[in-house]
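The values are calculated or read from the model by the stated rules, or taken from the named source; none is laboratory data. Computed from a predicted model, the values in this text were never measured in an experiment. Backbone-built Cβ (ideal geometry, glycine too); neighbour counts: all protein chains shown.
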Amino acid sequence: MNFSMIKQAMELKSKLEKTQKELAKMTVEGQSGKGAVKVTATGKQEILSITISPEVIDPSKQDQLEKLVLKAVTDALDKSKKLAEKHLSQLTGGIKIPGITE
């Protein structure tokens, strides 16, 4: 049994856990409609808040508001994934490891 590899794996696991905790504290903001809808998410793809400007709340245009919310959520999650990929790839040296960097 190669104890050096076991030690490296344990160190990687420790660094991964630390990075995941840091990502949970980091936030990104997605938006649409020139900032009319804003979505805040963590680096772990958890939505924290959705803010909708009163100017875009019009009951006769519900479908338009729904599209703006969807677009802002998608933007926030995309940014969150990129943030996570950036931080996790630093741990793996750019090597894609299933379940960690994908």
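Contact map, the range 54-83: residues that are charged (D, E, K, R) and part of a loop (DSSP other than H, G, I, E, B) paired with residues that are at pLDDT 95 or above and surrounded by 16 or more Cβ atoms within 10 Å (Cβ to Cβ), Cβ distance under 9 Å, separation 6+ or inter-chain. Pairs shown: 58/65. Listed conditions (1) exposed (fewer than 13 other Cβ atoms within 10 Å of the Cβ); (2) at pLDDT 95 or above; (3) of a type outside the set (A, V, I, L, M, F, W, C) are all met by residue 4, apart from (2). State yes or no: is residue 22 within 30 Å of residue 9 (Cβ to Cβ) and over 11 Å from the mean Cα position of the chain (by Cα)? Yes.
Considered as a group, the residues in the range 32-51 that are within 17 Å of the chain's Cα centre (by Cα) and surrounded by fewer than 18 Cβ atoms within 10 Å (Cβ to Cβ) include one that is farthest from residue 19 (Cα to Cα), and that residue is 50. Being under 17 Å from residue 44 (Cβ atoms) and of a type outside the set (Gly, Ala, Ser) is the filter here, so list the residues in the range 62-78 that pass it. Once the filter is applied, which keeps residues that are under 17 Å from residue 44 (Cβ atoms) and of a type outside the set (Gly, Ala, Ser), the range 62-78 yields 73, 74, 75, 77, 78. Number of residues in the range 4-41 that are without any contact (Cβ under 8 Å) to a residue 12 or more places away in the chain and part of a helix (DSSP H, G or I): the value is 13. Tallying residues that are closer than 17 Å to residue 32 by Cβ and either surrounded by 14 or more Cβ atoms within 10 Å (Cβ to Cβ) or under 23 Å from the mean Cα position of the chain (by Cα) (or both) within the range 54-85 yields 17.
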